[in-house]
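Every read-out reported here was derived from the displayed coordinates using simple, explicitly stated rules and does not represent laboratory data. Being a predicted model, the structure only gives us computed values, none of them experimental. For neighbour counting, all protein chains shown are included, and Cβ atoms are generated from backbone atoms with ideal geometry for every residue, glycine included.
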Amino acid sequence: MSDRFQLIPAAYLLLTDDQGKVLLTDRRGSYMSHHWACGAAGHVEAGESVLDAAVREAREELGVEIAPGELEPLTAMHRTAGNGLAIDERVDFFFRVRCWAGEPTRMEPDRSAGIAWFALDALPEPVVPHELEVFDRLRRGTLPPVLTYGF
């Protein structure tokens, strides 16, 4: 019998405005500091569904309320850092959100230098690499329901 993956699940939110721009955050003080990333994202906590995690992360990181029915599944990404460490074996669920209550606001100044809207064909640099893969495929219309990264 071979070893089985131990995956860490996470929810990623692509808030999009009526022009198709996505809200990104300039990360600071944590994973991929000084990179642009999805406006809200985070690990699924014990006893929580990925949908509940997405709604919670939007509230905690952007101060907006999202109804679970507004979460449009985009893709699931199975990714690895290739080092065999359980902490680096991930499954990421990406959702697009077009409707929410409240004005997106930077709620965690210790983890973000700012938030801004960008067109998919004019993203800032650098973007977290695995998230950039999703943005690029979404822009090109080639985003599959499931993709892998790092294998």
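Per-structure values
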{"item": "Gyration tensor (alpha-carbon) shape descriptor, segment 1-64, a/c threshold 1.5", "result": "prolate"}
{"item": "Options A54, I115, N83, ranked by Cα towards positive dipole end of segment 15-149, top entry (Cβ charges)", "result": "N83"}
{"item": "Prolate/oblate/rounded label for segment 15-149 (Cα gyration tensor, a/c 1.5)", "result": "rounded"}
{"item": "Degrees between helix 129-140 axis and first principal axis of the chain (Cα, 0 to 90, nearest 10)", "result": "60"}
{"item": "Evaluated over segment 91-136, the Cα radius of gyration and Dmax, each in Å", "result": "12.5, 29"}
{"item": "Karplus-derived HN-Hα couplings along segment 13-25 (A = 6.51, B = -1.76, C = 1.60, θ = phi - 60°), whole Hz, x at Gly and Pro", "result": "10, 9, 6, 10, 8, 6, 9, x, 6, 10, 8, 10, 10"}
{"item": "Share, in percent, of DSSP beta bridges within the chain that are antiparallel, nearest 5", "result": "65"}
{"item": "14 Å beta-carbon shell around D52, net charge (K/R +1, D/E -1)", "result": "-4"}
{"item": "Peptide ranges 51-58, 24-31, 35-42 listed from the most packed, as the mean C-beta count within 10 angstrom indicates", "result": "35-42, 51-58, 24-31"}
{"item": "For G20, net neighbour charge (Lys/Arg +1, Asp/Glu -1) across residues whose Cβ lies under 13 Å away", "result": "+1"}
{"item": "Inter-site label distance for Y149 and E60 at 7 Å from Cα along Cβ, in nm", "result": "1.9"}
{"item": "Computed lengthening from D52 to D136, 0.36 nm per intervening residue step minus Cα-Cα distance", "result": "27.6 nm"}
